[in-house]
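Worksheet: one structure, shown below.
Derivation of every value follows stated rules applied to the coordinates shown; laboratory data play no part. Since we're looking at a predicted model, the values are computed, not measured. Positions of Cβ are backbone-derived with ideal geometry, glycine not excepted, and every protein chain shown enters the neighbour counts.
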């Protein structure tokens, strides 16, 4: 990758790493569903005009079912689960646990996709990653029931990211990536609107949570998704996935320095095991053709961006 791609990758990791910090701040005055409604709505305001300018939104008309399925499994549900989990666990721990998504991809592949099955060192990475999860839950959480429930919610979010990746691979690989991201944000906003309206706060939230929501929706979701899909187009999905292994480090740093969250030896060990295991587990990615012969690997950089297929990062949100 050239210097520009590395800069974009680091900016993206820094943005996605802030997501857990901003969620923690927003939870002071807002419910999880209100946070998800606000962040998806703000992200849509960023992504829809960009996708419309590229002319990729029209192709979504025949794929509304796919858009809503991806929105439910890979956006709305994980966003809600992460926000719910952060009510009881640290933002830094959340950022580490979300990095387990490639581990769930490996487990689901045993049943859903032979091309994605783990073998050799990939299988070792999957085992190491789940050892890291067990270490964090057993040591950092200390068996506290509320914290265990929060960690389980975040891990379910990682499962949703992984499952959504298979949906896109099978049914949406040939859709314009930015248009699909924009469409799923709009669909996710519609899905979470009823519970969000039911949990409207009785008074206006304070300035801190409002600022956090604006930063989360515009920067950590809207701009971050735009950068992510730019990277997919320029350097390919495998290299763009490197952000999954950098963002948790930012999440730990933000939580420790800005929120005073403790960083223990178990935290560091769990981070290394989960991120390293996820990296090894994801090293098996294939370049098999997608539906109707649409290749999963992007064409050369000279090709039109709107023609590039989408192979998603299972850590999309990345938060």
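Counting residues in segment 242-251 that are farther than 22 Å from residue 54 by Cβ and not in a helix (DSSP H, G or I) gives one or more.
Of the helices (runs of 4 or more DSSP H) that lie entirely inside segment 1-105, those containing 3 or more residues that are within 30 Å of residue 125 (Cα to Cα) span 3-26, 77-85, 91-98.
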